[in-house]
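See structure below.
The values are calculated or read from the model by the stated rules, or taken from the named source; none is laboratory data. Computed from a prediction, not measured in an experiment: that's the story for all the values here. No Cβ is skipped: glycine too gets one built from the backbone with ideal geometry, and neighbour counts run over all protein chains shown. For accessibility, only protein heavy atoms count, side chains too; no ligands or nucleic acids. Shrake-Rupley method; radii C 1.70, N 1.55, O 1.52, S 1.80 Å.
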There are 2 protein chains.
Amino acid sequence: MTTTDETTVLAQKAKTASHVLQTASPAQKSAALRRIQELLAERKEAVLAANKLDLESAEKEVKAGRLSSSLYKRLDLSTGDKYNALLEGVLDVDRLPDPTGQITLSTKLDNDLDLYRVTCPVGVLLIIFEARPEVVVQISCLAIKSGNAVILKGGKEATHSNRALFEVLQEALRTTTPADLALPAESVQLVSSRDEIATLLKLDQFIDLAIPRGSKQLVQYVQSSTRIPVLGHADGLCSVYVDESAHVDKAVSVTVDSKINYPAACNAAETLLVNSNVLSTILPAIARGLIEKGVSLRADERSLSAITSALSESERTKVTAAKEEDFDTEFLELTMAVKTVDSLQEAVTHINTHGSHHTDAIVTEDEESANFFMGRVDAAGTYWNASTRFADGFRYGFGAEIGVSTNKTHARGPVGLEGLVLYKYRLYGKGQGAGMYGEGKRKYLHEQISVEEARKRVAQ
Amino acid sequence: MTTTDETTVLAQKAKTASHVLQTASPAQKSAALRRIQELLAERKEAVLAANKLDLESAEKEVKAGRLSSSLYKRLDLSTGDKYNALLEGVLDVDRLPDPTGQITLSTKLDNDLDLYRVTCPVGVLLIIFEARPEVVVQISCLAIKSGNAVILKGGKEATHSNRALFEVLQEALRTTTPADLALPAESVQLVSSRDEIATLLKLDQFIDLAIPRGSKQLVQYVQSSTRIPVLGHADGLCSVYVDESAHVDKAVSVTVDSKINYPAACNAAETLLVNSNVLSTILPAIARGLIEKGVSLRADERSLSAITSALSESERTKVTAAKEEDFDTEFLELTMAVKTVDSLQEAVTHINTHGSHHTDAIVTEDEESANFFMGRVDAAGTYWNASTRFADGFRYGFGAEIGVSTNKTHARGPVGLEGLVLYKYRLYGKGQGAGMYGEGKRKYLHEQISVEEARKRVAQ
């Protein structure tokens, strides 16, 4: 049992470590990451032994029907190339560019009064995740790379694995060489009991950003229980709109991939909107494409009629009449709602009202319609003739993904290292006061400072 | 009396208008702002007549001692150049660069699969402010310029003035010429009764960002009553640290200006930290400089002793012994707490623990100490040899200020138009699905797209 006081002290330690991390150099971060990779390789057997304990408990739960076999699979660190991929991932993060210390504004307010805006770590991150123990390593490495301290709370199924990985991380931070490059071991913290979450969510003086990764229930619980900013998404209700000037092959390809490439993902499409002018020309081909891949359709009256009159009796068995709530449902399986709209505007309004502002696609050959859709749909991703499944940090080329955000502030869409930094204004003067400026006194210059001069001034 | 339903409908209308504003062109915004300026000039008499009604009520309140005379002054739109400044301010906003439609990332994922990150409006802003009626115009103009709809809630003292200004804004939006450039009149909404705030703070499906401007109580109430992201700051506890290698003239100038330039502002300094090595050499000059300007000092034991032994008896009357709570107090008047620290690290720790992460300054001639301070102090502004009073959107050269933020996400420090935009990912394809990529299939290119090509592609 961990007391509220112990949890508070742990968060406070993370905050103190985060102040040191604010000025961690790229060399320090790299030394830490390389030592982590090295020690994880050395301790492979110990980690897998701990993992085995979790797997043994999980096996009993699976047999008793209390745990799914897919969760069991995600828990297992020993299969295939998983452990090597984990080690390789650490080096991948090491190779990413440092997101801190970037100068994003530089203004000469006056001679000898220079203002710089410089990216810096957010502070202390709280990550709450389920099942996959490798998240402990991945997130800790991204936190270190971005100069943040991190408090990790994993699922109870992975207790032994998480603890073993965490101990390797702490030891690696303590034994980084050369020692003068070492970062505080307190930079990474692990909590394991569920009631500690409630305590942590109250500690907004120590924790700067909460990132829940897991079920909709988890995300909603975190969002509604804390004043700490939350980065994430509870829903992933993505739509594909097939415009009247859509190309049939693209409509089929985009819709089918959006639905079936990985139906359980948040960027899989749940709703298909079809312009009423293409109900008989394009919709049947899309319906056939989806049904061939095992998708069940829930269609509104007009689209149902168009599909049933075009498809064979055996194909039609997968199509039923939609209920209102189907257009607000994240199926996360091979089911898709189909709705007829009479205009592009109606499609946009439907998406903005029923969607989750995650990722939505239009299929059209008309550039003006595409621009209207991409401009007016209020989502983190608006796509023209491309599958919603591209919404992913690795596909976007970020090299890493912390999560996907449907927030309307800070970071939106797939979030890489950039989402873990903020900025700070630095002002370099010679003793000036604001009272020296104004009517009849000195005037502000507000001139841009050259990139070279700025870089020279703002050393890490 | 406004019902909850009416307030909800109003917020919903703002949301609908915000979807149109998402694609508002620079020409549309400019037409709206110019029409607002024109109509405000035309309706000056009507606005001032409404303002007079508020002033008459306020005068009674001042006489009864229920309202301060400074608040009365801030209410008055007729004095001096105030109305002309209001008109000029609208044109100033018109001249600022459009913060939306900026391309901040462009990556070729594959041939014919182009990803762009483009800045876009946040959506619907809720601004809660007190007293000064010109805020109605200033904020509405900044909202229009950044493509956001806005719901305004002003103080009850300014009810008539706010309503009159709001009606001019709505009429200007309805009568913008040419008519095809007009933006929805629903883009700007006004609520006047206090109980509507509680309703609005629950409407996170319609409101994207809340900005409370006013007392600490107001900001804290908003922060603790809503799931909507809040941009602002409850406290402004800024500090000046005088390092052992400080130059005495700079120490005096920076400390005195930070304290006395405008003591009621959030960027005024409240705490002076002095390195113990300069207690007898530099502190007396600072103390004398502050006392000459009418500042009372609350000094800890060591600094009190240094000051009293150096100052005359008459000067010393302004110096008393500090209590613990003085170092957590935002005085907002001519009072300053003075504390002795034995090292730069102790100063940094004190500021990170007791400060409000707003703006803090170091006075030193030592570049290494300055960099340490600016790197490790966790504040929106960290200054070297410059007054904390420079923390201001106009002084920074932003041309406008929505407010100052001590948030650790989204926007920090003085917030200009950039704080009112987010971004959206746009993906341009030819029908590709994510299933086409992976092991043994197509590979992602992740090549940067040239600025010219990106600009051509992502037209407003």
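Inspect the range B:40-58 for any residue being touching a Lys or Arg at 6+ places or on another chain (Cβ under 9 Å), within 14 Å of chain A (Cβ to nearest Cβ) and in a helix (DSSP H, G or I) and give the result as yes or no. There is no residue in the range B:40-58 that is touching a Lys or Arg at 6+ places or on another chain (Cβ under 9 Å), within 14 Å of chain A (Cβ to nearest Cβ) and in a helix (DSSP H, G or I). Of the residues making up the range B:249-261, just one is more than 7 Å from chain A (Cβ to nearest Cβ) and open to solvent by 40 Å² or more (accessible area, probe 1.4 Å), namely B:Ile260.
Taking (1) in contact with a helix residue (DSSP H, G or I) (Cβ under 9 Å, 6 or more places away or on another chain); (2) within 12 Å of chain A (Cβ to nearest Cβ); (3) of a type outside the set (Asp, Glu) in turn, B:Thr104 satisfies each apart from (1). Only residues that are among the aromatic types (Phe, Trp, Tyr) and modelled with pLDDT of 95 or more were counted in the range A:96-134, giving 1. Looking at the range A:182-248, the strands (runs of 3 or more DSSP E) lying wholly inside it that each contain 2 or more residues that are open to solvent by less than 20 Å² (accessible area, probe 1.4 Å), under 30 Å from A:Leu290 (Cα atoms) and within 14 Å of chain B (Cβ to nearest Cβ) sit at A:238-242. The single condition among (1) in contact with an Asp or Glu (Cβ under 7 Å, 6 or more places away or on another chain); (2) farther than 19 Å from A:Pro263 by Cβ; (3) buried (at least 23 other Cβ atoms within 10 Å of the Cβ); (4) more than 9 Å from chain B (Cβ to nearest Cβ) that A:Gly393 does not satisfy is (3).
Restricting the first member to the range B:433-445 and to residues that are closer than 23 Å to A:Val363 by Cα, and the second to residues that are of a type in the set (S, T, N, Q) and assigned to a loop (DSSP other than H, G, I, E, B), the beta-carbon pairs closer than 7 Å and six or more apart or on different chains are B:Gly433/A:Asn261; B:Gly433/A:Ser387; B:Ala434/A:Asn261; B:Ala434/A:Ser387; B:Gly435/A:Asn261. Of B:Gly403, B:Gly416, which residue is closer than 18 Å to A:Leu105 by Cα, within 14 Å of the chain's Cα centre (by Cα) and more than 7 Å from every other protein chain (Cβ to nearest Cβ)? Every option except B:Gly416 fails the conditions.
Counting the residues of the range B:391-432 that are without any contact (Cβ under 8 Å) to a residue 40 or more places away in the chain and of a type in the set (A, V, I, L, M) gives 0. For A:Arg174, indicate whether it is free of Cβ contacts under 8 Å to residues at least 60 places away in the same chain, within 14 Å of A:Ile127 (Cα to Cα) and surrounded by fewer than 18 Cβ atoms within 10 Å (Cβ to Cβ). Judged against the criteria, A:Arg174 is not a match. Can you name every residue in the range B:154-177 that is closer than 21 Å to B:Tyr72 by Cβ and in contact with a helix residue (DSSP H, G or I) (Cβ under 9 Å, 6 or more places away or on another chain)? Listed by number, the residues that qualify are B:Gly154, B:Gly155, B:Glu157, B:Ala158, B:Thr159, B:His160, B:Ser161, B:Asn162, B:Arg163, B:Ala164, B:Leu165.
One residue alone among B:Thr340, B:Thr388, B:Thr335, B:Thr364 is touching a residue at least 24 places away in the same chain (Cβ under 8 Å) and touching a Cys at 6+ places or on another chain (Cβ under 7 Å), and that residue is B:Thr388.
Out of the range B:371-386, which residues are at the interface with chain A (Cβ under 8 Å from one of its Cβ atoms) and not in a loop (DSSP other than H, G, I, E, B)? Within the range B:371-386, B:Asn371, B:Phe372, B:Met374, B:Gly375, B:Arg376, B:Gly381, B:Thr382, B:Tyr383, B:Trp384, B:Asn385, B:Ala386 meet the criteria.
Would the range B:379-402 turn up any residue that is over 15 Å from A:Leu113 (Cα atoms) and at pLDDT 95 or above? Checking the range B:379-402: at least one residue is over 15 Å from A:Leu113 (Cα atoms) and at pLDDT 95 or above.
Against the list (1) out of contact with any Phe, Trp or Tyr (no Cβ under 8 Å at 6 or more places or on another chain); (2) over 21 Å from B:Lys156 (Cα atoms); (3) of a type in the set (A, V, I, L, M, F, W, C), the condition B:Leu67 fails is (2). The set of residues in the range B:421-440 that are more than 43 Å from the chain's Cα centre (by Cα) and more than 7 Å from chain A (Cβ to nearest Cβ) comprises B:Met436, B:Tyr437, B:Gly438, B:Glu439, B:Gly440. Of all the residues in the range A:337-358, those that are open to solvent by 30 Å² or more (accessible area, probe 1.4 Å), within 11 Å of chain B (Cβ to nearest Cβ) and within 29 Å of the chain's Cα centre (by Cα) number 3.
For the range A:396-405, a residue qualifies if it is surrounded by 23 or more Cβ atoms within 10 Å (Cβ to Cβ) and under 17 Å from A:Ala269 (Cα atoms), and exactly one does: A:Val404. Looking only at residues in the range B:264-288 that are farther than 30 Å from B:Leu126 by Cβ and under 24 Å from the mean Cα position of the chain (by Cα), the one that is nearest to the other protein chains (Cβ to nearest Cβ) is B:Ala269.
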